[in-house]
Amino acid sequence: MNRFRKEEMAAAKLLFEVPPTPFSWSVSRHLLFHRCRRAYFLHYYFAQGGWDPYADPLLQFAWTAKKSKTYYERLERYLEEILRFSFDSLRNVPSAFRLRMLATRFQARLTVLEERWRDDEINTFDRKRALNDLKEALASFLKSPTCSAIATAQNLTLFNKAFKPDFYFRNIELWYNPGLIWREGTHLVSMRIHFQKPSREFIRAESDMFALSALEQTNTRETISIFRYLSSSGEWKEIQHYGNAISGESRLSEDVKEMQQLITDDKVCMLDFPVEPEETCCSCRFSGVCSAITEHFGET
């Protein structure tokens with residue numbers, strides 16, 4: 001094991017000071033930073049190196065928590081994969097025929113996923129549930145005006161091709177997944193699908209980030225973000241939000257300043273990242289890690 005790894009593990013055992021990781025910004029980082037500073041520290045700093053089988057057990061625990069996904073997070077990833085593949089496969093098909101071909105494309109991709117899951121971690125019960133939830137989501141989407149708008153877009157050749165998952169803005173690396181992208185008139189439109197209603201801050205941050213990204217990467221000044229979600233009543237609904245690149249830049253600048261102020265002498269100290277009110281703990285993927293830290297080191 002190299003010297004850096006040994007030093008990193010030694011720092012992790014002290015728990016209070018760890019070396020910083022290369023800095024970047026994303027909407028998920030923004031949301032976690034403002035929801036719970038301790039979870040932010042565990043995710044972006046403490047968990048580093050936890051993939052190493054020789055790492056401290058607490059590091060490994062934090063890494064596992066960081067990489068864990070809820071059922072719906074995994075489902076959203078699969079759903080976006082199906083939509084991307086299906087629309088991309090129709091890019092050379094005349095727009096008048098795309099909509100009627102989508103159902104077949106959706107089913108073909110579901111079959112591919114089912115084959116992949118045979119060797120995946122999803123057990124039989126979850127697989128059946130996941131397939132049913134995906135089928136219902138796709139059937140509903142197929143009937144929506146948004147689906148028709150994408151399918152009948154004049155040119156799908158550049159569908160999502162102009163956007164990179166990361167780009168630099170003012171020397172800060174930004175990570176962003178806008179979902180599906182197409183053009184309607186002068187507007188660039190994005191859509192994300194969620195199995196739970198997204199928060200207002202998520203909608204604002206995502207919309208503004210899309211606006212900033214569109215301006216920087218395609219010089220487009222008008223954007224619309226669509227958030228399609230499954231409501232608590234079981235109905236699929238949509239929220240449209242116009243992004244603001246200036247607001248996105250302001251949010252980014254404020255975050256970067258505050259986040260980087262917590263890095264001192266090439267170290268980050270856990271004591272600078274307090275645990276937020278306990279009502280956020282029950283749904284936090286790091287709740288077990290926090291409990292383990294408290295058990296071993298007392299309240300911090």
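The values are calculated or read from the model by the stated rules, or taken from the named source; none is laboratory data. Everything numeric here is computed off the predicted structure, so don't read it as measured data. Counting neighbours? That spans all protein chains shown, and the Cβs are built from the backbone with ideal geometry, glycine included. Heavy atoms of the whole protein, side chains included, go into the accessibility calculation; ligands, DNA and RNA do not. Shrake-Rupley method; radii C 1.70, N 1.55, O 1.52, S 1.80 Å.
Applying a threshold of 30 Å to the alpha-carbon distances of LYS66/LYS143; LYS128/LYS164; LYS135/LYS197; LYS237/LYS257 flags LYS66/LYS143; LYS128/LYS164; LYS237/LYS257 as lying beyond it. Taking the DSSP bridge list for the chain and keeping only pairs wholly inside it, about 65 percent are antiparallel.
Looking at region 26-126, the GluC sites (Glu not before Pro) that sit in a DSSP loop and have at most 13 other Cβ atoms within 10 Å of their own Cβ are GLU121. Using only the alpha-carbon atoms, how far is helix 124-142 inclined from the longest principal axis of the chain? Give it as 0 to 90 degrees, nearest 10. The helix 124-142 is inclined about 50 degrees to the chain. Among ASP266, ASP166, the order of accessible area from largest down is ASP266, ASP166, computed with a 1.4 Å probe on protein heavy atoms. Dividing the summed helix terms, -39500 (n - 2.57) for each DSSP H run of n ≥ 4, by the number of residues in the chain produces a 222 nm estimate of -16000 deg cm²/dmol to the nearest 500.
Counting every Cα pair in the chain, what percent are over 29 Å apart?
Everything past 29 Å amounts to 45 percent.
Quick check: from the Cα gyration tensor, does region 133-274 come out rounded (a/c under 1.5), prolate or oblate? Because a/c hits 1.5 or more and a/b fails to exceed b/c, region 133-274 counts as oblate. Entry note, the chain: relative contact order of 23 percent, from Cα contacts under 8 Å with a spacing of 6+ residues. Near LEU99: Cβ cut-off under 13 Å, other residues only, Lys/Arg at +1 and Asp/Glu at -1. The net charge is +4.
The mean of 1/r over all distinct Cα pairs in region 218-300, once inverted, gives the Kirkwood hydrodynamic radius of 17.4 Å. Using only Cα atoms, find the angle between the long axis of helix 200-218 and the longest principal axis of the chain, and express it within 0 to 90 degrees, rounded to the nearest 10. So the inclination is approximately 70 degrees. In the chain, the longest principal axis of the Cα atoms and the axis of helix 71-88 are about 40 degrees apart.
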